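S.K.: Please see the structure below; I have some questions.
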Amino acid sequence: DISEKEWDDCMGVTLKGLWLCMKHQLPLIEASGGGAIVNIASVSGIRGEAFQSAYAAAKGGVITLTKAAAVEYAKRGVRVNTVCPGGINSEGIQIYLDKMPELREKTLNTHAMGRLAEPQEIANAVIYLCSDKASFITGHDLVVDGGVMVRSNVIDL
């Protein structure tokens, strides 16, 4: 039910904005001798998300754009990967949960670990992918979701 403008706005910020960053960063990184880019997608871009179609589609685009760039730049010394977080304990989600307190428990239980990620936990994944310890990783989607992708919707443990 979103408008075409809302769709375009989401695609513009989430996907086109990322493309523009890579368009200008990749040649500079290559010219400097190589390095790494880590894009932030979402588990929504892998599995889809009810009532979040534009966001999920845009984040899915981030994932495939990252893979394409990874292939194009692999032999040029630039690694390109994606981190796909689940819910993050941020001001944005707190505003969302404050407006709809009835969804707090459901949101937390979406994660097998029963909690949201702290921002530093996502940053740690990005740091790893930028490090020499990840020197043979490119085109990968690192899911950092506290178990959203493996959480059963049927059995509650």
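S.K.: Is it fair to say LYS59 is touching a strand residue (DSSP E or B) at 6+ places or on another chain (Cβ under 9 Å), buried (at least 18 other Cβ atoms within 10 Å of the Cβ) and either in a helix (DSSP H, G or I) or among the hydrophobic types (A, V, I, L, M, F, W, C) (or both)? It would help to see each step written out before you state the result.
M.R.: Details: touching a strand residue (DSSP E or B) at 6+ places or on another chain (Cβ under 9 Å): yes; buried (at least 18 other Cβ atoms within 10 Å of the Cβ): yes; either in a helix (DSSP H, G or I) or among the hydrophobic types (A, V, I, L, M, F, W, C) (or both): yes.
Spelling it out, LYS59 is indeed touching a strand residue (DSSP E or B) at 6+ places or on another chain (Cβ under 9 Å), buried (at least 18 other Cβ atoms within 10 Å of the Cβ) and either in a helix (DSSP H, G or I) or among the hydrophobic types (A, V, I, L, M, F, W, C) (or both).
S.K.: In this structure, does CYS21 turn out to be part of a helix (DSSP H, G or I), open to solvent by less than 90 Å² (accessible area, probe 1.4 Å), within 24 Å of THR107 (Cβ to Cβ) and out of contact with any His (no Cβ under 7 Å at 6 or more places or on another chain)? Working first, answer last.
M.R.: Values: part of a helix (DSSP H, G or I): yes; open to solvent by less than 90 Å² (accessible area, probe 1.4 Å): yes; within 24 Å of THR107 (Cβ to Cβ): no; out of contact with any His (no Cβ under 7 Å at 6 or more places or on another chain): yes.
No: the conditions fail for CYS21.
S.K.: Okay, moving on. Would you point out the residue of region 115-129, among those that are over 14 Å from the mean Cα position of the chain (by Cα) and touching a residue at least 24 places away in the same chain (Cβ under 8 Å), that is farthest from ASN39 (Cα to Cα)?
M.R.: Ranking the qualifying residues of region 115-129, first place goes to ARG115.
S.K.: Somewhere in region 1-11, is a residue among the small types (Gly, Ala, Ser) and closer than 24 Å to ILE127 by Cβ?
M.R.: First pass over region 1-11, keeping only residues among the small types (Gly, Ala, Ser): 3.
This time we only want the ones that are closer than 24 Å to ILE127 by Cβ, so: none.
So far as region 1-11 goes, no, none of its residues is among the small types (Gly, Ala, Ser) and closer than 24 Å to ILE127 by Cβ.
S.K.: Can you work out which of the residues in region 27-46 that are part of a helix (DSSP H, G or I) and touching a helix residue (DSSP H, G or I) at 6+ places or on another chain (Cβ under 6 Å) is most open to solvent (accessible area, probe 1.4 Å)? Reasoning before the result, please.
M.R.: So in region 27-46, the residues part of a helix (DSSP H, G or I) come out as 27-31, 44-46.
Then drop every residue that is not touching a helix residue (DSSP H, G or I) at 6+ places or on another chain (Cβ under 6 Å), which leaves 30, 44-45.
Details: GLU30: 68, SER44: 12, GLY45: 20 Å².
Step by step, filter region 27-46, then rank; the result is GLU30.
S.K.: With the structure loaded, tell me whether VAL78 is under 17 Å from LEU15 (Cβ atoms), aliphatic (A, V, I, L, M) and surrounded by 14 or more Cβ atoms within 10 Å (Cβ to Cβ) or whether it fails that test.
M.R.: no
S.K.: Give the residues of region 1-18 that are in a loop (DSSP other than H, G, I, E, B) and among the polar types (S, T, N, Q), sorted by residue number.
M.R.: Across region 1-18, the qualifying residue is only SER3.
S.K.: Can you run down the residue pairs with Cβ atoms below 8 Å, 6 or more apart or on separate chains, where the first is in region 92-107 and without any contact (Cβ under 8 Å) to a residue 12 or more places away in the chain and the partner is assigned to a helix (DSSP H, G or I) and open to solvent by 80 Å² or more (accessible area, probe 1.4 Å)?
M.R.: LEU97/ARG104; LEU103/TYR96
S.K.: Quick one: is GLY92 of a type outside the set (Asp, Glu), surrounded by fewer than 18 Cβ atoms within 10 Å (Cβ to Cβ) and modelled with pLDDT under 95? Spell out the reasoning first.
M.R.: Working: of a type outside the set (Asp, Glu): yes; surrounded by fewer than 18 Cβ atoms within 10 Å (Cβ to Cβ): yes; modelled with pLDDT under 95: yes.
Answer is yes for this residue.
The values are calculated or read from the model by the stated rules, or taken from the named source; none is laboratory data. No experiment lies behind these values; they were computed from the predicted model shown. As a convention, Cβ positions derive from the backbone with ideal geometry for all residues, glycine included, and neighbour counts pool all protein chains shown. Just so you know, the surface numbers come from the protein's heavy atoms only, side chains and all, with ligands and any DNA or RNA stripped out. Shrake-Rupley method; radii C 1.70, N 1.55, O 1.52, S 1.80 Å.
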